[in-house]
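The values are calculated or read from the model by the stated rules, or taken from the named source; none is laboratory data. Being a predicted model, the structure only gives us computed values, none of them experimental. Reconstructed Cβ throughout: ideal geometry from the backbone, glycine too, with neighbour counts over all protein chains shown. Accessible surface areas use protein heavy atoms only, side chains included; no ligands, DNA or RNA. Shrake-Rupley method; radii C 1.70, N 1.55, O 1.52, S 1.80 Å.
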Amino acid sequence: MLTIGVLASGQGTNLQALIEAIKEGSLPVRIGVVISDNAGAYALERARKAGLPAHYIAPGPRLTYLVPEVEKKYVACLQQHGVELICLAGFMRVIKKTFLSAFPNRIINIHPSLLPAFPGLEAWRQALEYGVKFTGCTVHFVNEKVDAGRIILQAVVPVLPDDTPETLHRRIQEKEHLIYPLAVKLIATGRVSPGG
Ligand code: GAR
C-alpha cells in the first residue's frame, strides 16, 4: 500500500479529509508521517488524535521557503517514515530543489483556485477582488515554479453575489475535501502516473 506524508502549516482540514477517506475505506493508502513548519498548527493535533506520527520541524530563517539544510531535515524525516508520495495540505512554503530532487514527481499540492488563475496567497480573496464568477480548487504536481505543475483534478465553485472572502473560502474547502482524497486515490491506484 502506498505510504503518503502530509505537510501542513495550519488548520489541517485537508489532512482530516485524507484521514477520514482512509478510515472509510475509500482511499487505499497509509499516512506515514505528518510534518508541520508551525509548532502550533492544529494539523499536528489532528494527526496525533488519529494516532499518526506528527513532527514539527523548525522552518529556519526564511519566511517563504526552507533553506537547503532545512529541506534536508524534511526529506530525512519523510524517508525515515517510508514516504513515497508527499501531499502538501496548506503547507505555506515554496518547495525548492533539494526537496524536489529527493522526490521527483512525487509531491502534490492543493491550491484554492482554478490554476493557472490566482496563484499565490489567499487565492479566494484574489478571485473575489477580481470579480470572476467562478473559481474553485486544483490538485497538481509540484515543480520548481510556484503553483504551476501538471494538473491532476479541479473542481469549480461559483462566486455568489454576497460572498465574503470567508464564505467563498469555506465553499472552496468543501470541494478541496472531495478532490484531494480522490486525486491521491488516482495516483495510488495507478490511474494517474507520477508527473501527470
Ligand atoms: C487550503 O484552502 C489550501 O488550498 C490552501 O490553504 C488552505 C489550508 O487549509 N493552500 C494554499 O493556499 C497553498 N498555496 P487546511 O489547513 O484546513 O487544509
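Annotations
- For region 116-140, the candidate set comprises residues that are part of a loop (DSSP other than H, G, I, E, B) and within 10 Å of the ligand (Cβ to nearest atom); within that set, the residue that is most open to solvent (accessible area, probe 1.4 Å) is Leu121.
- Between Val146, Val142, the distinction of being under 21 Å from Thr64 (Cβ atoms) and modelled with pLDDT under 95 belongs to Val146 only.
- Selection of region 31-58 for residues being in contact with a Cys (Cβ under 7 Å, 6 or more places away or on another chain) and in contact (Cβ under 8 Å) with a residue 40 or more places away in the chain yields Val33, Ile35.
- Selection status of Lys185, open to solvent by 40 Å² or more (accessible area, probe 1.4 Å) and in a loop (DSSP other than H, G, I, E, B): no
- In region 92-114, the qualifying residues are those that are open to solvent by less than 40 Å² (accessible area, probe 1.4 Å) and within 7 Å of the ligand (Cβ to nearest atom), and the one that is farthest from the chain's Cα centre (by Cα) is Pro112.
- So Lys175, is it basic (Lys, Arg), closer than 23 Å to Ile31 by Cβ and outside any strand (DSSP E or B): yes
- Scanning region 110-150 for residues that are of a type in the set (A, V, I, L, M) and under 20 Å from Leu160 (Cα atoms) turns up Leu114, Leu115, Ala117, Ala123, Ala127, Leu128, Val132.
- Members of region 33-63 found to be open to solvent by 50 Å² or more (accessible area, probe 1.4 Å) and under 16 Å from the mean Cα position of the chain (by Cα), listed by number: Asn38, Tyr42
- Residue count for region 163-189 satisfying the condition of being within 15 Å of the ligand (Cβ to nearest atom) and of a type in the set (S, T, N, Q): 2.
- Yes/no for Leu160 being open to solvent by less than 80 Å² (accessible area, probe 1.4 Å), modelled with pLDDT of 95 or more, over 25 Å from Val29 (Cα atoms) and within 16 Å of the ligand (Cβ to nearest atom): no
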